[in-house]
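Engineer: I'd like to ask you about the structure that follows.
The values are calculated or read from the model by the stated rules, or taken from the named source; none is laboratory data. Bear in mind the structure is a predicted one, so any value in this text is a computation, not a measurement. Note that we place each Cβ from the backbone using ideal geometry, even for glycine, and neighbour counts take in every protein chain shown. Accessible surface areas use protein heavy atoms only, side chains included; no ligands, DNA or RNA. Shrake-Rupley method; radii C 1.70, N 1.55, O 1.52, S 1.80 Å.
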Amino acid sequence: MTEMSTPATPGSAGPAAFQDPDTQAGIEHLAAKVAPLLQANRFDNVVDLLSLVADGIDMTDERTIEKLMAAFEGAMAAGWTLGNAARMAGSVAGNAAEPPSLFQLARELRDPEVRRGLHAAVTFLRILGRQTGP
Amino acid sequence: MAKRILVVGGGIGGTMTANSLVHKLYPEVSSGEVTVTMLSDSPDHYYKPAFMYVAFNSFSKNELKRPQRSLLRPEIQFVVDKVAHFDFAQNRVRTQSGAIYGYDYLVVSTGCVPSPERIEGLKEAGDHFYLHEPARQLADRLARIEKGRIFITVTFPKTPNVPHQCGIAPIETTLMLDEFLRRRGVREKIEIVYTYPTVSQLLRNCLFLQKQTCEVLPSIFESKGIRFKRGFTLGRVDPDRKIAYSEEGDEQDFDILMSTPPIRAVDAVLDSGASQAPNDEGWLPTDRETLQLAGHENVYVMGDTGDLPVSKAGGTCHNQSPVVVDNIASSLRIGYPTAAYDGKVIAVAQMGLEAGMPLWYDYENDVEPHPPTKLGGLLRKSVNRGLYWAVARGLV
Ligand SMILES: Cc1cc2nc3c(=O)[nH]c(=O)nc-3n(C[C@H](O)[C@H](O)[C@H](O)COP(=O)(O)OP(=O)(O)OC[C@H]3O[C@@H](n4cnc5c(N)ncnc54)[C@H](O)[C@@H]3O)c2cc1C
């Protein structure tokens, strides 16, 4: 970690903060609030959880982030692409005054983008088949 | 006839803005009343900050680029064609292929170009990390150097109060360099000298472009044995003798000259005649609040190509984009722009190879430096490795 001097923030500097009557009143209020929890040992799990979080952060390194982010990007990009297609397709179909005839639909197959989409869908099914096969 | 919005430049500013325009104007876009077209000169989108990591051999080319089409909403018509000429008076652009695109609203986000050739000898003898190929060359040198002197220089545009690209990058890379050489076990035999020019935007004789950060830097550098020098404005370089000369009259030798080179706007912006910036730098005169191009209410300028005093950074585009989107949407819907940019920039600075420091500032308030942390470092790495692609899609 890089050392960097922290500029002092007014009102929060060191032990002087405890001399402040408002701060003292706040601490007393907090102590009264947590006293029953302290007496009943209700903080054990919270402290353990904090420790676990701290362990997690200490253990996380560049490689872990790389893997987590690859998973994030994969899921985000797939969801985004499918969501985009659903939104735009819904809007285009919804805006058409009449549904296309079967003949018009067949003519759509001439559009290279439609064929690319079909190809992707068929390939998707093939790969799904591969992954669910024996 | 449909209102045509044209976005030029498929970098971070243009991409997030085109996506957000479709989202904001969805009723008009889906009914065909508004079209959004993007022109960019590259089919790929580069995560530019990663060039900095390329210099330390920690990012490869395929990891830092994605197909531009995959980052755009399908409602956007994307054309790979370079704008050769902006005709702001006639509301149209001409592309390299000869096509003409008219527009009702234009967003210019064409970035800037590192131009080491603007300082004598720098292109031949200097290194930088602001483009992929130069960053690779620097990486090879940093991976091999065993002893000697790495001299760091920062060049600001000559246009008053306009910063160089990504203000914090020279500090980030200096700290990364120190740790990189320590890991290699050669730091003891290599002297690192960080320098800063006499004039850095509104400051004089500092080590950074904002005063508070400038004041904490000496103690950081001293703790790492990094030497630093104020008042070194790189004037020319002698590639044979490996000496850097400053405009202030100093001369310093080096084994590696790691520079932040001069920058300028892209050719089409330079040649548009819209800029009065000195030194043929080409920054577009931009309204600091509405982000409109001076004299052209239907043209919006974002990111590195503008002349605003804020950092030329992705974190700037991130805060300018909603303003541009709101202003175009309100102009279309109610006839005038309603949003104002407050100069906000957000970023997570990479402080050494592991630690990070989230930072933010605006026209009124400077960055308040605070201690870099490992959590900040993990956040930065998450941006590098994935979150950026959600930002480009306009999702974050
Ligand atoms: C090494 C490095 C480190 C950085 N670190 C950070 C960081 O940590 N944090 C941060 O926020 N920012 C950082 N930045 C800055 C950030 O990358 C830029 O500020 C940001 O990319 C600017 O966005 P832009 O949209 O203005 O331009 P760009 O992202 O540069 O995009 C410009 C686009 O326009 C296209 N184009 C150019 N000319 C034409 C033309 N004539 N016709 C059509 N298309 C054209 C280009 O192909 C490109 O797609 C860093 C930059 C570098 C190089």
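Engineer: Among the residues of the stretch B:18-65, what is the count of those that are under 19 Å from B:ALA2 (Cβ atoms), touching a strand residue (DSSP E or B) at 6+ places or on another chain (Cβ under 6 Å) and open to solvent by 50 Å² or more (accessible area, probe 1.4 Å)?
Structural biologist: Qualifying residue count, the stretch B:18-65: 1.
Engineer: May I pose another question? Report, ordered by the first and then the second residue, all pairs with beta carbons closer than 6 Å, sequence separation of six or more or different chains, a first member in the stretch B:259-272 that is more than 10 Å from the ligand (Cβ to nearest atom), and a second member that is part of a helix (DSSP H, G or I).
Structural biologist: Within 6 Å, the pairs are B:PRO261/B:PRO116; B:PRO262/B:ARG118.
Engineer: So B:SER219 passes all but one of these: (1) assigned to a helix (DSSP H, G or I); (2) of a type in the set (Ser, Thr, Tyr); (3) not assigned by TED's automatic domain parsing to the domain that holds B:ILE152. Which condition number does it fail?
Structural biologist: Against the list (1) assigned to a helix (DSSP H, G or I); (2) of a type in the set (Ser, Thr, Tyr); (3) not assigned by TED's automatic domain parsing to the domain that holds B:ILE152, B:SER219 comes up short only on (3).
Engineer: Next question. Being more than 9 Å from chain A (Cβ to nearest Cβ) and touching an Asp or Glu at 6+ places or on another chain (Cβ under 9 Å) is the filter; apply it to the stretch B:361-387 and report the residue that is farthest from B:THR15 (Cα to Cα).
Structural biologist: Only one residue fits best here, namely B:GLU364.
Engineer: Can you tell me which residue among B:SER70, B:SER58 is in a helix (DSSP H, G or I), under 20 Å from B:ASN384 (Cα atoms), within 11 Å of chain A (Cβ to nearest Cβ) and away from the ligand (no atom under 11 Å from the Cβ)? Before the answer, list the steps.
Structural biologist: Values: B:SER58 fails: in a helix (DSSP H, G or I).
Answer to the check: B:SER70.
Engineer: Report, by residue number, each residue of the stretch B:334-359 that is within 14 Å of chain A (Cβ to nearest Cβ), within 15 Å of the ligand (Cβ to nearest atom) and assigned to a loop (DSSP other than H, G, I, E, B).
Structural biologist: B:GLY352, B:LEU353
Engineer: Take the residues in the stretch B:26-53 that are within 13 Å of chain A (Cβ to nearest Cβ) and of a type in the set (Asp, Glu); name whichever of them is nearest to the ligand (Cβ to nearest atom).
Structural biologist: B:GLU28
Engineer: If you don't mind, another one. If you take the residues of the stretch B:314-333 that are among the aliphatic types (A, V, I, L, M) and crowded, with 24+ Cβ neighbours inside 10 Å, which of them is farthest from the ligand (Cβ to nearest atom)?
Structural biologist: Residues of the stretch B:314-333 that are among the aliphatic types (A, V, I, L, M), as a first pass: B:323-325, B:328-329, B:332.
Retained after the next criterion (residues that are crowded, with 24+ Cβ neighbours inside 10 Å): B:324-325, B:328.
On the way: B:VAL324: 11, B:VAL325: 14, B:ILE328: 16 Å.
Ranking the candidates gives B:ILE328 first.
Engineer: Mind checking which residues of the stretch B:360-396 are at pLDDT 95 or above, open to solvent by less than 20 Å² (accessible area, probe 1.4 Å) and in a loop (DSSP other than H, G, I, E, B)?
Structural biologist: Within the stretch B:360-396, B:ARG393 is the sole residue that qualifies.
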